[in-house]
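S.K.: Submitted below is the structure of interest, expressed as structure tokens.
The values are calculated or read from the model by the stated rules, or taken from the named source; none is laboratory data. Remember, predicted model here, so these are calculated numbers, not experimental data. Positions of Cβ are backbone-derived with ideal geometry, glycine not excepted, and every protein chain shown enters the neighbour counts. Accessible surface is based on the protein model in full, side chains and every heavy atom, while ligands, DNA and RNA are left aside. Shrake-Rupley method; radii C 1.70, N 1.55, O 1.52, S 1.80 Å.
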Amino acid sequence: MSKLFAFSGSDDFCPGGSIYPNLKESSLFLYPNQDVYFPPCKRYRISSPFVFAGGKFEQKKPSIEVLPDECLFEIFRRLPGGQERSTCACVSKRWLTLVSNIRRDEISDNKTTQASDLEYESTDKKGGVSSEDVDSDVEGDGYLSRSLDGKKATDVRLASMAVGTASRGGLGKLFIRGSKSWHGVTTVGLRAISRGCPSLRVLSLWNLSSVGDEGLCEIANGCHQLEKLDLCHCPSITDESLLAVAKGCTNLTDLTIEGCANIGNEGLQAIARSCPNLKSVSIKDCPLVGDQGVASLLSSASYSLTKVKLQALNITDVCLAVIGHYGKAVTDLSLTSLPNVSEKGFWVMGNGHGLQKLKSFTVTSCRGATDLGLEAVGKGCPNLKQLCLSKCPFLSDKGLSSLAKAAGSLDCLQLEECHRITQLGFFCSLINCGAKLKVISFANCLGIMDLNSGLPPLSPCESLRSLSIHNCPGFGDASLFVLGKLCPQLQHVELCGLHGITDAGVLQLLESCVAGLLKVNLSGCVNLSDKVVQTISNLHGGTLELLNLDGCKISDASLVAIAENCQLLTDLDISKCTITDSGIAALAHFNPVNLQILSVSGCSMVSDKCLPSLGKLGETLLGLNLQQCKAISTHAVELLTEQLWSKLLEMGTKQIS
């Protein structure tokens with residue numbers, strides 16, 4: 001057989017037509033162990049390549065397609081290299097399917113079968129292997145990454161990827177994002193990946209209703225190096241798939257399951273038994289998952305599991321107790337929408353003394369996150385550095401203050417929609433967090449209101465570097481006056497959507513920041529004027545890198561001050577402001593050399609006259625937003641775009657030369 005595939009000439013074969021000049025003589029054959037010709041006793045059935053028509057035999061055009069799949073498969077697996085197999089896969093879908101179903105261990109080693117004939121060609125004078133003897137498709141660890149989205153996610157593309165990357169080490173990462181209305185990926189595509197990419201380490205499947213247990217079992221049986229598995233909204237996948245993954249992919253370190261209604265405790269328990277190296281687990285919106293499944297994962301990977309995210313699950317206080325006892329290596333913990341977890345669960349978790357390494361803790365929409373429960377967590381997590389609390393309706397000023405005092409290592413505190421927190425709780429948490437707090441952020445907390453009295457004596461918080469207050473309608477100038485005295489080392493200030501603050505409060509804060517501000521975001525503060533911008537430019541222009549004035553009542557005077565003083569500014573947002581072409585011209589005249597992003601969206605007084613100035617600024621700009629500028633015509637935008645592209649190409653040519 002090897003001689004047949006190695007044949008490359010035509011000397012030993014007839015160049016065309018039948019090897020018998022007379023078709024009647026084709027019935028004469030040489031029988032085994034016989035020395036003479038004689039007609040066979042049984043008449044032969046004539047099929048391809050001859051057809052009987054009009055009393056004569058007519059020869060059909062020979063085609064390899066008449067070969068059954070088994071023969072073609074044997075031919076393909078004996079091809080000398082990956083490039084040849086890839087070429088064959090381009091012929092038709094049938095050939096692509098056959099080639100993509102060849103496993104690595106099924107590829108015939110041509111060097112072994114022909115060693116006796118090629119031995120003298122494959123060794124050099126020193127007895128080593130020559131370069132011609134090295135197979136071109138020897139696969140190493142997969143390093144290639146591919147992503148398929150929407151209608152591009154089909155079995156044919158997956159098969160093509162499997163064949164095309166096999167000779168280059170195979171895929172290492174594969175991301176498939178399907179859609180509810182498109183069923184392009186099935187078991188066939190995943191089977192091709194499992195056979196062509198055994199070095200696959202990362203697999204992510206999103207919105208693939210047509211992928212079931214059979215497909216994922218193929219991956220588990222063929223990709224034993226799999227380390228990260230992400231299953232999102234795959235309703236046909238059940239515990240059977242996880243059982244196969246647990247058996248075939250023992251190196252699994254990251255597991256993410258979201259919206260898989262048929263995955264339950266049995267699959268998670270199998271993963272827990274067979275995958276002891278789990279480092280990250282994220283489970284969301286799986287109604288069949290309960291305490292048994294999550295507890296088994298945590299208890300089996302007690303010394304390796306570092307990240308845990310649980311959301312919208314039917315777990316109870318028992319699960320939190322297991323976390324508090326077995327989470328010895330957990331550094332990041334996120335609990336979201338757990339309706340069956342009570343205050344007792346948080347209290348037991350905090351008193352379990354197992355979360356000694358916890359650094360980041362996020363709680364969202366958990367009714368059990370009360371003052372008592374969170375205080376226990378603060379005491380039981382001595383190394384907690386980042387705390388994010390969102391939609392905790394039973395958290396009050398007392399609980400926040402106690403939590404801040406108990407978590408002595410806290411450097412970042414974020415609260416969102418905690419409406420029982422008032423101004424008193426805000427400032428007490430600021431002081432009680434100790435000397436390590438660097439970032440504090442409050443968003444949509446409706447309970448914060450300016451109070452003229454009732455605040456205890458406060459000492460400065462020298463460590464705070466970032467202050468962010470978003471959409472807290474009761475936050476006003478009185479709070480800014482206090483912050484100005486407490487936080488002299490601020491470098492990042494975000495005051496967004498605060499209709500209660502005016503120039504007086506912001507100026508007090510700006511004047512107290514002695515370290516020099518780097519980023520200032522005042523978007524949505526409709527009562528601020530040019531006076532604030534001029535003060536920022538004069539006091540902090542030498543350090544300022546980002547300035548967002550979206551929606552503020554500023555005019556061209558602010559742009560003049562910015563252009564004169566803020567030479568390090570890289571990002572400027574003046575959307576929906578009352579600036580004109582003159583302000584843009586002033587900005588271009590001083591031409592801040594570092595300005596990279598400029599947004600003038602919604603500035604109705606900016607017209608086509610500012611385009612030369614924008615063109616000059618475009619020498620350094622990487623991003624320009626002109627949306628909703630109704631006075632700028634479409635033609636002017638097209639001319640500006642062409643001009644900016646020309647400058648960009650010119651700069652690229654100079655750099656190359």
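S.K.: Is it the case that some residue within region 360-367 is under 26 Å from Val439 (Cβ atoms) and not in a strand (DSSP E or B)?
M.R.: yes
S.K.: Checking Glu650 against (1) over 33 Å from the mean Cα position of the chain (by Cα); (2) under 19 Å from Leu518 (Cα atoms); (3) of a type in the set (D, E, K, R), only one condition comes out false. Which one?
M.R.: The single condition Glu650 does not satisfy is (2).
S.K.: Please verify whether Ser236 is under 28 Å from Ser209 (Cα atoms), open to solvent by 10 Å² or more (accessible area, probe 1.4 Å) and at pLDDT below 95, treating the condition exactly as stated.
M.R.: Yes, satisfied.
S.K.: Still on this structure, I have one more. Restricting to region 211-227, give me the number of residues that are part of a loop (DSSP other than H, G, I, E, B), open to solvent by less than 20 Å² (accessible area, probe 1.4 Å) and within 16 Å of Ile271 (Cβ to Cβ).
M.R.: Of region 211-227, the ones part of a loop (DSSP other than H, G, I, E, B) are 211-212, 223-227.
Filter again for open to solvent by less than 20 Å² (accessible area, probe 1.4 Å), leaving 211-212, 223, 226.
Okay, now just the ones that are also within 16 Å of Ile271 (Cβ to Cβ), so 223, 226.
Here the count works out to 2.
S.K.: Which numbered condition in (1) touching a residue at least 40 places away in the same chain (Cβ under 8 Å); (2) under 26 Å from Leu243 (Cα atoms); (3) in contact with a Leu (Cβ under 7 Å, 6 or more places away or on another chain); (4) open to solvent by 30 Å² or more (accessible area, probe 1.4 Å) is the only one that Ser160 fails?
M.R.: If we test Ser160 against (1) touching a residue at least 40 places away in the same chain (Cβ under 8 Å); (2) under 26 Å from Leu243 (Cα atoms); (3) in contact with a Leu (Cβ under 7 Å, 6 or more places away or on another chain); (4) open to solvent by 30 Å² or more (accessible area, probe 1.4 Å), just (2) comes out false.
Residues are listed down the side, and each one gets a yes or a no for (1) surrounded by fewer than 19 Cβ atoms within 10 Å (Cβ to Cβ); (2) of a type outside the set (A, V, I, L, M):
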site: Ala166; (1), (2): no, no
site: Arg177; (1), (2): yes, yes
site: Trp182; (1), (2): yes, yes
site: Val185; (1), (2): no, no
site: Ile193; (1), (2): no, no
site: Pro198; (1), (2): no, yes
site: Arg201; (1), (2): no, yes
site: Ser209; (1), (2): yes, yes
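S.K.: Specify which of the listed residues (Asp105, Asp137) is outside any strand (DSSP E or B), within 19 Å of Leu72 (Cα to Cα), at pLDDT below 80 and charged (D, E, K, R).
M.R.: Numbers: Asp137 fails: within 19 Å of Leu72 (Cα to Cα).
One residue alone meets the criteria, Asp105.
S.K.: Test of understanding: among Ile501, Ile574, which residue is free of Cβ contacts under 8 Å to residues at least 40 places away in the same chain, over 18 Å from Leu621 (Cβ atoms) and in contact with a Leu (Cβ under 7 Å, 6 or more places away or on another chain)?
M.R.: From the options Ile501, Ile574, the qualifying one is Ile501.
S.K.: In this structure, does Ser558 turn out to be assigned to a loop (DSSP other than H, G, I, E, B), outside the structural domain of Val482 (by the TED database) and either open to solvent by less than 30 Å² (accessible area, probe 1.4 Å) or at pLDDT 95 or above (or both)?
M.R.: Working: assigned to a loop (DSSP other than H, G, I, E, B): no; outside the structural domain of Val482 (by the TED database): yes; either open to solvent by less than 30 Å² (accessible area, probe 1.4 Å) or at pLDDT 95 or above (or both): yes.
The answer is no for Ser558.
S.K.: Kindly evaluate Leu243 against the criterion of being modelled with pLDDT of 95 or more, within 20 Å of the chain's Cα centre (by Cα) and either closer than 23 Å to Asp291 by Cβ or open to solvent by 30 Å² or more (accessible area, probe 1.4 Å) (or both).
M.R.: Values: modelled with pLDDT of 95 or more: yes; within 20 Å of the chain's Cα centre (by Cα): no; either closer than 23 Å to Asp291 by Cβ or open to solvent by 30 Å² or more (accessible area, probe 1.4 Å) (or both): yes.
No, not satisfied.
S.K.: Identify, please: which residue in region 580-597 is open to solvent by less than 10 Å² (accessible area, probe 1.4 Å) and either modelled with pLDDT of 95 or more or in a helix (DSSP H, G or I) (or both) and is, among those, nearest to Glu545 (Cα to Cα)?
M.R.: Here is the first cut: in region 580-597, the ones open to solvent by less than 10 Å² (accessible area, probe 1.4 Å) are 583-584, 587-588, 592, 595.
From what is left, the residues that are either modelled with pLDDT of 95 or more or in a helix (DSSP H, G or I) (or both) are 583-584, 587-588.
Numbers: Gly583: 19, Ile584: 19, Leu587: 15, Ala588: 17 Å.
Among them, the one singled out is Leu587.
S.K.: Same structure, new question: Report whether or not Val439 is in contact with a Ser or Thr (Cβ under 6 Å, 6 or more places away or on another chain), on the phi < 0 side of the Ramachandran plot and open to solvent by less than 50 Å² (accessible area, probe 1.4 Å). Reasoning before the result, please.
M.R.: On the way: in contact with a Ser or Thr (Cβ under 6 Å, 6 or more places away or on another chain): yes; on the phi < 0 side of the Ramachandran plot: yes; open to solvent by less than 50 Å² (accessible area, probe 1.4 Å): yes.
Taking the combined requirement at face value, the residue satisfies it.
S.K.: Identify the residue in region 615-646 that is within 35 Å of the chain's Cα centre (by Cα), outside any loop (DSSP other than H, G, I, E, B) and among the hydrophobic types (A, V, I, L, M, F, W, C) and, among all such residues, is farthest from Ile584 (Cα to Cα).
M.R.: For region 615-646, the residue satisfying everything is Trp645.
S.K.: Is region 111-123 home to any residue that is modelled with pLDDT under 75, in a helix (DSSP H, G or I), over 18 Å from Cys88 (Cβ atoms) and of a type in the set (A, V, I, L, M, F, W, C)? Steps first, please.
M.R.: Let us first name the residues in region 111-123 that are modelled with pLDDT under 75, namely 111-123.
Now drop any that are not in a helix (DSSP H, G or I), which leaves 111-113, 115-122.
Retained after the next criterion (residues that are over 18 Å from Cys88 (Cβ atoms)): 111-113, 115-122.
Adding the requirement that they be of a type in the set (A, V, I, L, M, F, W, C) leaves 115, 118.
Scanning region 111-123, I find at least one residue that is modelled with pLDDT under 75, in a helix (DSSP H, G or I), over 18 Å from Cys88 (Cβ atoms) and of a type in the set (A, V, I, L, M, F, W, C), so the answer is yes.
S.K.: If you scan region 407-423, which residues turn out to be among the hydrophobic types (A, V, I, L, M, F, W, C) and at pLDDT 90 or above?
M.R.: If we filter region 407-423 for residues that are among the hydrophobic types (A, V, I, L, M, F, W, C), which is where we start, we get 407, 410, 412-413, 415, 418, 421.
Result: Leu410, Cys412, Leu413, Leu415, Cys418, Ile421.
S.K.: Out of region 321-353, which residues are surrounded by 22 or more Cβ atoms within 10 Å (Cβ to Cβ) and either on the phi > 0 side of the Ramachandran plot or touching a residue at least 40 places away in the same chain (Cβ under 8 Å) (or both)? Talk me through it step by step, then tell me what you get.
M.R.: Residues of region 321-353 surrounded by 22 or more Cβ atoms within 10 Å (Cβ to Cβ): 322-324, 327, 330, 333, 335, 338, 341, 345-347, 349-350.
Once the filter is applied, which keeps residues that are surrounded by 22 or more Cβ atoms within 10 Å (Cβ to Cβ) and either on the phi > 0 side of the Ramachandran plot or touching a residue at least 40 places away in the same chain (Cβ under 8 Å) (or both), region 321-353 yields only Gly324.
S.K.: Does any residue of region 524-545 turn out to be crowded, with 16+ Cβ neighbours inside 10 Å and more than 30 Å from Cys461 (Cβ to Cβ)?
M.R.: Yes, the conditions are met somewhere in region 524-545.
S.K.: Given the residues Lys553, Lys630, Lys647, which is the only one that is under 28 Å from Ser466 (Cβ atoms) and open to solvent by 10 Å² or more (accessible area, probe 1.4 Å)?
M.R.: Numbers: Lys630 fails: under 28 Å from Ser466 (Cβ atoms); Lys647 fails: under 28 Å from Ser466 (Cβ atoms).
The match here is Lys553.
S.K.: Check region 372-382 and report whether any residue there is among the aliphatic types (A, V, I, L, M), surrounded by fewer than 19 Cβ atoms within 10 Å (Cβ to Cβ) and more than 23 Å from Leu278 (Cα to Cα).
M.R.: Quick first cut of region 372-382, residues among the aliphatic types (A, V, I, L, M) only: 372, 374, 376-377.
If we keep only those that are surrounded by fewer than 19 Cβ atoms within 10 Å (Cβ to Cβ) as well, we get 372.
Narrowing the set further to residues that are more than 23 Å from Leu278 (Cα to Cα) leaves 372.
Checked region 372-382: at least one residue is among the aliphatic types (A, V, I, L, M), surrounded by fewer than 19 Cβ atoms within 10 Å (Cβ to Cβ) and more than 23 Å from Leu278 (Cα to Cα).
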